[in-house]
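Step one of this worksheet: look at the structure below.
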Amino acid sequence: MASPAQELSPPVGLIAAGGTMPFAVADSLLARGIRPVMFAIRGACDAARVQRFRHHWISVGQLGRATQLFRDEGCRDLIFIGSLVRPAFSELRFDFATLRAIPQIWASFRGGDDHLLSGVGRIFEAQGFRMVGIKDVAPDLLMPEGSVARARPDAAAKADIEKGRAVLQALSPFDIGQAVVVIDGHVVGIEDIEGTDGLLARIARLREQGRIRSPAGRGVLVKAPKAGQDLRYDLPTVGPKTLEGAASAKLAGIAVAAGNAIVAEPQAMIAAADRAGLFIMGMTG
């Protein structure tokens, strides 16, 4: 469920997982004069890059330590950001505060990643914190509307985009993934646990094996949040690696939900698209 942008109460706490996005968000906050504090997840967050910011290390399953650190730093507003391999429930090592929340955590594990994060977010909110989304903390990192690279989608690509949107809408109740590849009206791949990079690598292999016979330069990767998803959590993300994967899969381009998807390293992403002659479309509606 989308929420209107809210006025932030600094400092803002970033529960930081893997990838470049936690640092892009922190830099965006600093540019607006808002101090970030990083709560870096062990085994996920980049240990070298986090040194630039005030930070603490936390472990998955230690809600008590995390909430105490949030309070010590005066962080009322919190955001989850970055990629995280979903742990098995049996792998978690809980502190006492987490043990008290086991029923809610167990229920959250039974859904997809956004369901898990929103469940943990509700636990934090019950402790007096406010969970915010990327629209609140770094709206400049969201996908804009329209085409952002030199190439533009043709009629066939536009038809594939509409087919992809319809497929993602239909799949939303099953909590499967946020991406699909459509080529000439045929659904040839749906995102699963391997993520978008894995999906694109699979399409590239299918082309190499002759299982996909459409000419190179046809087809679209379509990414959008699930219908009814809490947009503070687990938004689709694209970046240079996405474009490199789409080029290897010999697609025509990618289409992403404008305003509801995060763009990592936009300049590098657009440069990768222009080198490969691919389009990048911010979908509206």
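The values are calculated or read from the model by the stated rules, or taken from the named source; none is laboratory data. Treat the numbers as computed from the prediction; the structure is a model and nothing was measured. Quick reminder, even Gly has a Cβ in these numbers, built from the backbone with ideal geometry, and neighbours come from all protein chains shown.
In summary, Asp136 fulfils each of the numbered conditions (1) at pLDDT 95 or above; (2) closer than 17 Å to Ala258 by Cα; (3) buried (at least 17 other Cβ atoms within 10 Å of the Cβ) with the single exception of condition (1).
Taking the listed residues Ala216, Ala227, Ala204, the one that is part of a helix (DSSP H, G or I) and not hydroxyl-bearing (Ser, Thr, Tyr) is Ala204, with no other qualifying. Scanning the range 243-254 for residues that are outside any helix (DSSP H, G or I) and touching a residue at least 40 places away in the same chain (Cβ under 8 Å) returns Ala249, Lys250, Leu251, Ala252, Gly253. Among residues of the range 255-278 that are part of a helix (DSSP H, G or I), those with a beta-carbon under 7 Å from a residue that is of a type in the set (D, E, K, R) and modelled with pLDDT of 95 or more at least six positions away or on a different chain give the pairs Ala272/Glu244; Asp274/Arg150.
Restrict the check to the range 202-218 and report whether at least one residue is in contact (Cβ under 8 Å) with a residue 12 or more places away in the chain, more than 21 Å from Arg152 (Cα to Cα) and of a type outside the set (A, V, I, L, M). Yes, the range 202-218 contains at least one residue that is in contact (Cβ under 8 Å) with a residue 12 or more places away in the chain, more than 21 Å from Arg152 (Cα to Cα) and of a type outside the set (A, V, I, L, M). Looking at Gly64, is it part of a helix (DSSP H, G or I), among the small types (Gly, Ala, Ser) and either crowded, with 20+ Cβ neighbours inside 10 Å or at pLDDT 95 or above (or both)? For Gly64, the condition - part of a helix (DSSP H, G or I), among the small types (Gly, Ala, Ser) and either crowded, with 20+ Cβ neighbours inside 10 Å or at pLDDT 95 or above (or both) - is not met. Please verify whether Gly285 is part of a loop (DSSP other than H, G, I, E, B), without any contact (Cβ under 8 Å) to a residue 40 or more places away in the chain and either closer than 22 Å to Val167 by Cα or in the same structural domain as Gly177 (by TED's automatic domain parsing) (or both), treating the condition exactly as stated. Taking the combined requirement at face value, the residue satisfies it.
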